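See structure below.
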Ligand code: FAD
Ligand code: UDP
């Protein structure tokens, strides 16, 4: 059987491509090395509770086209992410907003909070931030940096904040309103019934082979189709011949508890450096269900090594230089590379969908 496209990876990037190409009348084969579809957004049903197997996933976007696109497959609820931070037993609201400032300093008005922050960030006056520590202090000052950022970030990335790029922290909003919404986007939610349903809908009726590692017989699988879309790690495609790109990995420790409600919130971050996990997720609060049990996951960051899942690309100068060399090699391959791993990019879900749709629109010549 000859296909028009072999798609490597059934994550969001691969699944959007598979769906759109099938709609255009193309014959598509999806290969997935895991034993399930969905990549990192996969959810598993635990007696009614949708468990986010690879960490909490909240869909958020300002792009109405992308929001309508995902809602055309499954209905989303309105889940507003309002995580808490636990620092040495005290709780603080996130993202940094008037509630956090009140909890830290007792400030009650935006003027009081702004005055406090401007005093706290004085050491950065006139300095352009060049790393995450400087960026954080320049944004919210030293107190918040020490209590709510430093420990969490250094656990998460396994590096000193001075050695991390500033952009990581720019994702976090700072607000002078009493608003605990972690995201500023107009649209936000999770699919009712889980993300796996979303991917199942995208791949409905398509040929999908699980437990197949494309790289174990690249030539054979490449010959099954005229075109290949590859969403795995870019360096692995080239057999790591220029060296290894680095990632951050995570270990998820999931427990079922025989109680209705463990922590009263979907996400609680543990921001001190001495506690080895970064956060505890209580899955039932994303897509609320009435059950007598609950499922929680502790998230332990770890150094990536062969055999671990590569979750977060480390976009520092050293790795970006290597990535660009791989990207040059990729230009001479007759393969479309896309997604979080092949583009070595810290992508959110809405960005992955946008990127897949844009890449497909540029394929007009072969479609
Ligand atoms: P992936 O989901 O990684 O899919 C790639 C697939 O390719 C995988 O299934 C893999 O097994 C398969 N594959 C790789 N190599 C091969 C091979 N050789 N042969 C066959 N198959 C192969 N985004 C948000 O918008 N909101 C969030 O709240 C959010 N939270 C996150 C939390 C965590 C802990 C992490 C890690 C990510 C989070 N994201 C979030 C990002 C989101 O997970 C990604 O944007 C999205 O899943 C990327 O999709 P992808 O298809 O590019 O990659
Ligand atoms: N962050 C932090 N303290 C927190 C939460 C986040 O310092 O309590 C920082 C940290 O550097 C992290 C970044 O903000 O890497 C982005 O966090 P987010 O939770 O948005 O990222 P995710 O891990 O969900 O992709």
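Every number here is computed from the coordinates shown, using simple stated rules; none is lab data. These numbers come from a predicted model, not from an experiment. Don't worry about glycine lacking a Cβ; one is built from the backbone with ideal geometry, like all the others, and counts go over all protein chains shown.
Structural remarks
- By average C-beta atoms within 10 angstrom, highest first, the peptides 354-362, 93-101: 93-101, 354-362
- Normalised by the number of residues in the range 1-140, the mean separation of alpha-carbon contacts (under 8 Å, six or more apart) gives a relative contact order of 11 percent.
- Within the listed set 258, 19, 36, the residue fluctuating most in the Gaussian network model of the chain (springs between alpha-carbon atoms under 10 angstrom) is 258.
- GNM top mover of 138, 184, 302 - the chain, alpha-carbon springs below 10 Å: 184
- Distance between the range 96-155 and the range 289-367 - C-alpha centres, whole angstrom: 31
- With all pairs of different C-alpha atoms in the average, the Kirkwood value for the hydrodynamic radius of the range 159-199 is 13.7 Å.
- Scaled against the 2.2 N^0.38 Å expected of a compact globular protein of N residues, the Cα radius of gyration of the range 278-328 reads 1.83.
- Translational diffusion of the range 112-199, µm² s⁻¹ [Kirkwood Rh, Cα pairs; Stokes-Einstein; 37 °C; 0.692 mPa s]: 220
- Legend: ranking of residues 202, 320 from fewest to most surrounding C-beta atoms inside 10 Å; resulting order 320, 202.
- Cα convex hull of the range 211-367, projected area averaged across orientations, nm²: 12.8
- Between residue 35 and residue 306, the C-beta separation translates, for a Förster distance of 22 Å, into a calculated FRET efficiency of about 0.65.
- Projected label points at residue 171 and residue 159, each 7 Å from Cα along the beta carbon direction, are separated by 1.5 nanometres.
- Under the simplified labelling scheme, the residue 128-residue 238 pair shows an inter-label distance of 3.0 nm, with each label point 7 Å from Cα along Cα→Cβ.
- Residue exposure sequence - 259, 155, 53, 114 - by fewest surrounding Cβ within 10 Å: 259, 114, 53, 155
- Förster-model FRET efficiency, 45 Å R0, residue 210 and residue 317, C-beta, rounded to 0.05: 0.75
- Both radii are taken from the alpha-carbon atoms of the range 1-47; with Rh as the Kirkwood radius, Rg/Rh is 1.06.
- Highest-fluctuation residue, 25, 194, 151 considered, GNM on the chain with Cα pairs under 10 Å: 25
- For the range 234-367: relative contact order, % (alpha-carbon pairs under 8 angstrom, 6 or more apart): 28
- When Rg and the Kirkwood radius Rh are both evaluated on Cα atoms of the chain, their ratio Rg/Rh stands at 0.98.
- Multiplying the residue separation of residue 88 and residue 186 by 0.36 nm and removing their Cα-Cα distance gives an extension gain of 31.9 nm.
- Sorted by Cβ density within 10 Å, fewest first, the residues 153, 278: 278, 153
- With the simple model of a label 7 Å out from the Cα in the direction of the Cβ, residue 367 to residue 290 spans 4.7 nm.
- Treating each Cα of the range 280-367 as an identical point scatterer and summing with the Debye formula, the log10 of I(q)/I(0) at q = 0.15, 0.25 Å⁻¹ comes to -0.82, -1.32.
- Note: relative contact order over the chain, using C-alpha pairs below 8 Å and six or more positions apart, is 25 percent.
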